[in-house]
1. If you take the residues of the stretch 41-71 that are touching a Cys at 6+ places or on another chain (Cβ under 9 Å) and in a loop (DSSP other than H, G, I, E, B), which of them is modelled with the lowest pLDDT?
2. Can you tell me which residues in the stretch 1-20 are farther than 30 Å from Ser98 by Cα and surrounded by 10 or more Cβ atoms within 10 Å (Cβ to Cβ)?
3. Touching a Cys at 6+ places or on another chain (Cβ under 7 Å), at pLDDT 65 or above and either among the small types (Gly, Ala, Ser) or under 25 Å from Asn93 (Cβ atoms) (or both): is that true of Ala38 in this structure?
4. Can you work out which of the residues in the stretch 103-136 that are part of a loop (DSSP other than H, G, I, E, B) and among the β-branched types (Val, Ile, Thr) is farthest from Phe91 (Cα to Cα)?
5. Considering only residues that are under 13 Å from Tyr77 (Cβ atoms), buried (at least 21 other Cβ atoms within 10 Å of the Cβ) and either of a type in the set (A, V, I, L, M, F, W, C) or free of Cβ contacts under 8 Å to residues at least 12 places away in the same chain (or both), which ones fall in the stretch 87-111?
6. Show the residue pairs that are 6+ apart or on different chains and have beta-carbon atoms under 7 Å apart, the first residue being within the stretch 112-123 and surrounded by fewer than 18 Cβ atoms within 10 Å (Cβ to Cβ), the second being of a type in the set (Val, Ile, Thr) and not in a strand (DSSP E or B).
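The values are calculated or read from the model by the stated rules, or taken from the named source; none is laboratory data. On a predicted model such as this, the values are computed, not experimentally measured, just so you know. Ideal geometry is used to build each Cβ from the backbone, glycine not excepted, and the neighbour counts take in all protein chains shown.
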Amino acid sequence: MLRIISVTGITLAMVIGFMAISSQMRDDYYMRTKVSEAVTYLKSVAENELECNTGEPENRLTDPSDAKPAVFSTVNYEMTEHNSINVVGIFNNVNGESGKLRIKQGRKFTLNCTCTNISLQCKRGFTDINKNLIPHIAAEK
């Protein structure tokens, strides 16, 4: 009898643990997708301001604030050199799929971009969000 209770308890604990882990993984994927979309937007702002890829005018933003993702409260940029820009996105409160607060309001993500010839090269600058949420940023677009 004790063995049956023990096996049942272990099985129940494993099922609960699996459900918790899969829920956390789904929430992490959801958040990485949101942050990835936000980084893509920051890249488009950089490309727009640097006029880097002038061969595709249909992809240029008319007003960067029009298409701003909901995760950002504000997006600012600063030209640093002739062909370089720092684009800073400041986050709103961002909840995961589970409803748990994952990024607090006021957190920042900086993207440092340079236009060489007609290619945009970006790298991650300062950020104070969880490093596990940040997508890989390719050097070339």
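1. Restricting to residues being touching a Cys at 6+ places or on another chain (Cβ under 9 Å) and in a loop (DSSP other than H, G, I, E, B), the top hit is Asn53.
2. Scanning the stretch 1-20 gives Ser6, Val7.
3. Here the answer is no, as Ala38 does not meet what is asked.
4. Ile118
5. Val87, Phe109, Leu111
6. Correct list of pairs: Lys123/Ile137.
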